[in-house]
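K.L.:
One structure coming up, written as structure tokens, with questions to follow.
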Amino acid sequence: MPEDFRARPNVLPWPPVIFAAAWILGFALESIAPLGEESLPAWALTIGRLIAATGIALDLWAMAAMTAARTNIMPNRSARRLVTSGPFSLSRNPIYLGNTLVTLGIGLGLGALWFIPLAGVAAVLVERLAIRREEAHLAAKFGADWTAYAAATPRWLGFGFSTRGRT
């Protein structure tokens, strides 16, 4: 971890690396040992595609909000502004939530079932390697504004292993 979180939260952009690795591993595992996509009904494939599309839409919405606020999108760069509107009013990490949904959606939508557990593994790794460091960076940089935002907004969506107010 960097000594001064104001400078930057991380040296490496962990989230895109982690999700790319999960996708590469998912496709590799599917080619070596498929988990039986032929057993999925058509409605499950459709739901998976809708989940993936929702994840992509959430990613794009969050990136547009960050661009409009003129702050960095890359997770290893210093934040210029604290974005709390749009998708950031629903989740402190809408891009990572979107990436997780895309990964789950690939699993169901393509019948590539290895992606489903890999989505969970990727989310845990992103939380451990990126989110915690990013939150320390935001707390150091934005102080009371960050504290109030973090107390009012869930890390993911208010369920799962990280919930509202937990920093």
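The values are calculated or read from the model by the stated rules, or taken from the named source; none is laboratory data. Predicted model only: the values in this text are computed from it and were never measured. Reconstructed Cβ throughout: ideal geometry from the backbone, glycine too, with neighbour counts over all protein chains shown.
K.L.:
Of everything in the range 80-92, what is in contact (Cβ under 8 Å) with a residue 40 or more places away in the chain and out of contact with any Lys or Arg (no Cβ under 6 Å at 6 or more places or on another chain)? Give them in sequence order.
P.N.:
82, 84, 88, 89, 90, 91
K.L.:
Within the range 116-129, does at least one residue satisfy the condition of being under 30 Å from residue 29 (Cα atoms), touching a residue at least 12 places away in the same chain (Cβ under 8 Å), touching a Leu at 6+ places or on another chain (Cβ under 6 Å) and not in a helix (DSSP H, G or I)?
P.N.:
Scanning the range 116-129, I find no residue that is under 30 Å from residue 29 (Cα atoms), touching a residue at least 12 places away in the same chain (Cβ under 8 Å), touching a Leu at 6+ places or on another chain (Cβ under 6 Å) and not in a helix (DSSP H, G or I), so the answer is no.
K.L.:
Just a yes or no: is a residue in the range 103-111 of a type in the set (S, T, N, Q), closer than 30 Å to residue 33 by Cβ and crowded, with 22+ Cβ neighbours inside 10 Å?
P.N.:
Looking for residues that are of a type in the set (S, T, N, Q), closer than 30 Å to residue 33 by Cβ and crowded, with 22+ Cβ neighbours inside 10 Å, one finds at least one in the range 103-111, hence yes.
K.L.:
From the list 140, 148, exactly one residue is out of contact with any helix residue (DSSP H, G or I) (no Cβ under 7 Å at 6 or more places or on another chain), more than 24 Å from residue 50 (Cβ to Cβ), hydrophobic (A, V, I, L, M, F, W, C) and without any contact (Cβ under 8 Å) to a residue 60 or more places away in the chain. Which is it?
P.N.:
148
K.L.:
Of everything in the range 102-136, what is of a type in the set (A, V, I, L, M, F, W, C) and under 18 Å from residue 153 (Cβ atoms)? Give them in sequence order.
P.N.:
123, 126, 130, 131, 136
K.L.:
Just one of the numbered conditions (1) loosely packed, with under 15 Cβ neighbours inside 10 Å; (2) at pLDDT below 90 is not true of residue 53; which one?
P.N.:
Only one criterion is unmet by residue 53, namely (2).
K.L.:
Please determine, by comparing only the residues of the range 61-106 that are of a type in the set (A, V, I, L, M, F, W, C) and part of a loop (DSSP other than H, G, I, E, B), which one is nearest to residue 40 (Cα to Cα).
P.N.:
Among them, the one singled out is 90.
K.L.:
For residue 29, are the conditions met, namely being modelled with pLDDT of 95 or more and either touching a Phe, Trp or Tyr at 6+ places or on another chain (Cβ under 8 Å) or in a loop (DSSP other than H, G, I, E, B) (or both)?
P.N.:
Here the answer is yes, as residue 29 does meet what is asked.
K.L.:
Which condition number in (1) modelled with pLDDT of 95 or more; (2) surrounded by 14 or more Cβ atoms within 10 Å (Cβ to Cβ); (3) under 18 Å from residue 127 (Cβ atoms) is the one that residue 15 fails?
P.N.:
The one condition residue 15 does not meet is (1).
K.L.:
Additional query: Could you check how many residues of the range 74-93 are over 17 Å from residue 20 (Cα atoms) and touching a helix residue (DSSP H, G or I) at 6+ places or on another chain (Cβ under 8 Å)?
P.N.:
12
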